[in-house]
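Below you'll find the structure, written out as structure tokens, and then a few comments.
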Amino acid sequence: MSAPTAAGPGPSTRRRGGELDPDELAALEDQRRFLLRSLQDLEREHDAGDLDEDDYRTLRDDYTARAAEVLRAIDARRAAFADAGPRRSRGRTIAAFAAVVAFAVVAGLLVASSLGGREAGETATGGISVAKSPSQRAQECVTKIAPQAPAEPIECF
């Protein structure tokens with residue numbers, strides 16, 4: 001049985017359109033899996049007696065060196081991805097949170113002050129007409145009740 005081969009990784013971090021290439025990292029991880037499986041297969045072939053000792057050592061050393069190179073390249077790509085990510089400043093995060101809270105407080109105060117209050121006799125939802133409601137007119141008539149002039153509240157009602 002012949003031993004599998006794989007292409008070696010590139011030592012530089014290549015960029016696609018100015019950005020890191022995630023496909024290259026995925027290819028390196030595939031290559032790592034392939035090399036580790038190849039080492040396992042090589043061990044089985046050696047244990048079964050299908051490979052002589054010299055071929056086994058040569059292939060094992062080659063696979064091990066290539067796997068180590070691929071692992072270093074994967075680590076370098078992951079570090080480059082981590083470095084390329086946006087930096088989060090603790091002070092900037094706190095300032096943004098404080099700005100959002102301040103905006104919410106000011107907006108809440110403005111809404112509360114613009115809603116105002118409800119006077120006695122007014123409805124909770126307000127009215128759309130200028131004319132007084134029957135309950136408002138009756139309230140005005142109640143205030144006119146006096147024992148000296150009973151005709152005025154009667155006319156009002």
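The values are calculated or read from the model by the stated rules, or taken from the named source; none is laboratory data. Note that the coordinates shown come from a computational prediction; the quantities given were computed from them, not determined experimentally. With ideal geometry, Cβ positions are generated from the backbone for all residues, glycine too; neighbour counts draw on all protein chains shown. Calculation scope for accessible area: heavy atoms of the full protein, side chains included, ligands and nucleic acids excluded. Shrake-Rupley method; radii C 1.70, N 1.55, O 1.52, S 1.80 Å.
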The correct ranking of Phe34, Phe103 by accessible area at 1.4 Å, largest first, is Phe103, Phe34
Leu36 to Arg87: FRET efficiency via 1/(1 + (r/R0)^6), r the Cβ-Cβ distance, R0 41 Å, to the nearest 0.05?
0.75
Heavy atoms only, 1.4 Å probe, whole protein assembly: order Cys156, Cys141 by accessible area, highest first.
Cys156, Cys141
So, in nm, how far is label Lys132 from label Arg44 when the simple model puts each one 7 Å beyond its Cα toward the Cβ?
9.8 nm
Under the Karplus relation with 6.51, -1.76 and 1.60 and θ = phi - 60°, whole-Hz ³J(HN,Hα) for segment 51-58, x at Gly and Pro, equal 10, 7, 4, 5, 4, 4, 5, 4
